[in-house]
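Asker: If you scroll down you'll find the structure; I have some questions about it.
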């Protein structure tokens with residue numbers, strides 16, 4: 001297993017083992033995390049004392065032009081009861097995502113160290129959020145890393161029906177207007193697949209980053 005040192009250098013994402021692990025160790029400096037994403041690698045672990053860096057194969061992505069919106073969702077959008085904002089409450093979204101109970105997980109992978117790192121990335125303009133409000137209450141949202149022409153989705157949450165789905169649709173439409181190539185969804189999800197996400201080979205995904 002490749003052990004990272006103090007230098008912000010990663011091995012090729014193509015060197016990952018069959019589970020998708022590229023390396024372990026290193027730190028959570030914003031610079032290192034941004035370099036990882038630019039090379040198709042992301043942090044995923046449950047303990048800040050044991051950092052693990054991944055690049056799964058295949059990779060789930062969504063091409064903006066392939067977004068699928070069901071008839072029922074189109075109707076909901078027409079009568080949309082929500083207010084949608086961008087970057088209004090970044091850390092509130094991150095904290096809400098960290099509290100979501102997920103099937104098969106005892107805790108959260110959004111650790112204190114990652115929260116601090118994403119806040120710094122947000123402050124530097126490399127991470128942003130989408131918020132969904134209902135009666136002035138935050139009821140859904142998502143956040144991720146912005147690479148300029150690729151958006152790397154990190155996590156989403158919902159407190160009411162359709163909130164995270166609406167956040168994702170607004171994200172895709174905004175990115176589409178600005179010419180983004182794709183959204184990196186990282187790992188397979190039935191929910192995202194229903195919205196048009198698909199799996200592509202890791203080698204193909206990496207080409208979109210350069």
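Asker: What's the number of the condition residue 122 fails, among (1) touching a residue at least 40 places away in the same chain (Cβ under 8 Å); (2) surrounded by 20 or more Cβ atoms within 10 Å (Cβ to Cβ)?
Answerer: Every condition holds for residue 122 apart from (1).
Asker: Same structure, new question: Hey, can you tell me all the residues within the stretch 162-187 that are part of a helix (DSSP H, G or I), touching a helix residue (DSSP H, G or I) at 6+ places or on another chain (Cβ under 7 Å) and under 14 Å from residue 146 (Cα atoms)?
Answerer: 172, 175, 176
Asker: Continuing with the same structure: If a residue must be modelled with pLDDT under 95, closer than 24 Å to residue 138 by Cα and either surrounded by fewer than 19 Cβ atoms within 10 Å (Cβ to Cβ) or not assigned by TED's automatic domain parsing to the domain that holds residue 127 (or both), how many such residues does the stretch 162-193 contain?
Answerer: Summing the residues that are modelled with pLDDT under 95, closer than 24 Å to residue 138 by Cα and either surrounded by fewer than 19 Cβ atoms within 10 Å (Cβ to Cβ) or not assigned by TED's automatic domain parsing to the domain that holds residue 127 (or both) in the stretch 162-193 gives 2.
Asker: Can you name the number of the only condition in (1) in contact (Cβ under 8 Å) with a residue 40 or more places away in the chain; (2) at positive phi that residue 201 fails?
Answerer: (2)
Asker: For the stretch 15-35, give me each residue that is free of Cβ contacts under 8 Å to residues at least 40 places away in the same chain, in contact with a helix residue (DSSP H, G or I) (Cβ under 9 Å, 6 or more places away or on another chain) and closer than 16 Å to residue 186 by Cα.
Answerer: The answer is 20, 22.
Asker: Name the single residue, out of those in the stretch 78-90 being at pLDDT 95 or above and either assigned to a loop (DSSP other than H, G, I, E, B) or under 26 Å from residue 39 (Cβ atoms) (or both), that is farthest from the chain's Cα centre (by Cα).
Answerer: Once the filter is applied, the top-ranked residue is 82.
Asker: From 198, 131, grab the single residue that is modelled with pLDDT of 95 or more and surrounded by 20 or more Cβ atoms within 10 Å (Cβ to Cβ).
Answerer: 131
Asker: Now, a different point. What are the residue pairs meeting all of these: first residue in the stretch 71-86, first residue on the phi < 0 side of the Ramachandran plot, second residue assigned to a loop (DSSP other than H, G, I, E, B), Cβ atoms under 6 Å, and 6 or more apart or on different chains?
Answerer: Every condition considered, the pairs that remain are 76/162.
Asker: Something else: Somewhere in the stretch 159-172, is a residue within 22 Å of residue 35 (Cβ to Cβ) and in contact (Cβ under 8 Å) with a residue 40 or more places away in the chain?
Answerer: no
The values are calculated or read from the model by the stated rules, or taken from the named source; none is laboratory data. Since the structure is predicted, the reported quantities are computational estimates derived from the model, not experimental observations. Every residue, glycine as well, gets a Cβ built from its backbone with ideal geometry; the counts of neighbours run over all protein chains shown.
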